[in-house]
Amino acid sequence: MGSPDFSLFQTSPNKRSLLHKAPSLIAEGFLFVGGASMALSLVWALLSFINPSSSFDTIITWNTTRQGLDLGYDPSEPTFYDDPNLSYSVGDATQKWDEKRREWLRVHPSFGGVDRILVVTGSQPSVCKNPVGDHLQLRLFKNKVDYCRIHGCDVFYNNVLLDPKGTGFWAKYPILKAAMVAHPEAEWIWWVDSDAIFTDMEFKLPLEKYKDHNLVVHGWWHMVKKQSWTSVNAGVLLIRNCQWSLDFIDEWASMGPQGPAQEKWGETQKSLLKDKLYPGSDDQSALIYLLLKQKQKWGDKVYLEGEYNFQSYWLGVVDGLDDITKGYMEVDRQVSKLRRRHAEKVSEFYGAMREQYMKEKGIWKENVRRPFMTHFTGCEPCSGEYNPDYTWEACWNGMQKALNFADNQVLRTYGFVHPDLLNSSLVSPLPFDFPA
């Protein structure tokens, strides 16, 4: 059933001779060539003095920059990559990582000065059992690519097991470590489960808020203290690329199949968390254990984000998406600047403007603002399995609505929109100055 407001989407250019100057021109030409040659020789000598081992091919390079990054430059000066003992694997301790990253950034100066984010996500290596599973996985990945393009994040999609023992929710930790080593330019690695959808494409992470922390997950400290399994959710996490994080990942993953005592850890977690549903050791329970039992060692660097929807449980979100859309359209009717057509590359500017306006009006609150991310926990789009508390139809419709809700924010910049959140195929052109 379409939203009523979407009915608005439908639509109803004295010259002087040079001959006597020839000898003079020839002489001047020789002077120019000679001067240029001397200048080039001086430049070459200076460059050779600065870097005697350089060749002309490595000094003069094509400008292959992207957003100010020099992607065509990698000096011959040794870095940690030249160490034969470098390991990308969890369990193989990496030492002095902060120093190694700083040294790499020193010899690659175009990558410094910005807190770069690498979004990491993935899926299983085999074909989905669910007939629509691969289609859903594609759309779920498109959603993440859209968000990354708008906000200038890099993205890595992995669909292989980097550690054969690390299956299920434990599969992400080998990926996280490998991503840190492969991307020393990234200050943050942002893991996003495949079934989590960005549903506010304008929202930008408040990184300044986390400047004193190394791990950000959705959760509440008061719930952790109550030893509740639902006090955090490890399906979406932001982790700093630093030595602390590598050490924490090794400690975290040691409670899973990569460690020597997974069965024992499962029993320990179950006795600690009375509402834990799974008998075996899982990464969410392992995180809560570390926060409770090793808080002095790790806790000060962990930020539990509960002030905005870092991720939201889908059942409490999808039925309200139409009303949220109406609320945003009402704001746009009131503020002409928000209705202005603009290039996708400047979307962050308009997103910040809208956020500030809604805060000033006191309407930037839950169930009115878009949830930043909607997580379809309990719906497994690839296998087709689902929590028995609801139906597959509810999962399917919920994912369609959330994906189209997010896609509308992208398509609006391209002049189109889905008039019905349950119809992924139908789009309509937007009239000028919509939705005035």
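The values are calculated or read from the model by the stated rules, or taken from the named source; none is laboratory data. Here the structure is a predicted model, which means the values were calculated and not measured. So basically every Cβ, Gly included, is an ideal-geometry build from the backbone, and we count neighbours across all protein chains shown.
For Leu290, state whether it is under 24 Å from the mean Cα position of the chain (by Cα) and modelled with pLDDT of 95 or more. No; evaluated as a whole, the condition is false for this residue.
Looking only at the stretch 233-250, residues that are farther than 20 Å from Phe198 by Cβ and within 21 Å of the chain's Cα centre (by Cα) come to 9 in all. Select from the stretch 289-325 the residues that are out of contact with any strand residue (DSSP E or B) (no Cβ under 6 Å at 6 or more places or on another chain) and among the β-branched types (Val, Ile, Thr) and write down the one among them that is nearest to Trp244 (Cα to Cα). Among residues in the stretch 289-325 that are out of contact with any strand residue (DSSP E or B) (no Cβ under 6 Å at 6 or more places or on another chain) and among the β-branched types (Val, Ile, Thr), the one nearest to Trp244 (Cα to Cα) is Val318. I'd like the full set of residues that are of a type in the set (A, V, I, L, M) and farther than 19 Å from Arg370 by Cβ, limited to the stretch 330-349. Within the stretch 330-349, Ala343, Val346 qualify.
Only residues that are surrounded by 10 or more Cβ atoms within 10 Å (Cβ to Cβ) and more than 25 Å from the chain's Cα centre (by Cα) were counted across the stretch 75-90, and they come to 8.
Please note which helices (runs of 4 or more DSSP H) are completely contained in the stretch 297-373 and include at least 1 residues that are among the aromatic types (Phe, Trp, Tyr) and surrounded by 14 or more Cβ atoms within 10 Å (Cβ to Cβ). Even if it seems obvious, please write down each step before you answer.
Numbers: elements: 321-334, 336-339, 347-360.
Fully inside the stretch 297-373 and qualifying: 321-334, 347-360.
Each residue in the stretch 148-187 was checked for being farther than 26 Å from Ala343 by Cβ, among the β-branched types (Val, Ile, Thr) and surrounded by 18 or more Cβ atoms within 10 Å (Cβ to Cβ), and 2 pass. For the criterion of being out of contact with any Ser or Thr (no Cβ under 6 Å at 6 or more places or on another chain), within 22 Å of Asp407 (Cβ to Cβ) and at pLDDT below 90, Glu348 fails. Within the stretch 396-414, not a single residue is in contact with a Lys or Arg (Cβ under 6 Å, 6 or more places away or on another chain), assigned to a loop (DSSP other than H, G, I, E, B) and within 30 Å of Val127 (Cβ to Cβ).
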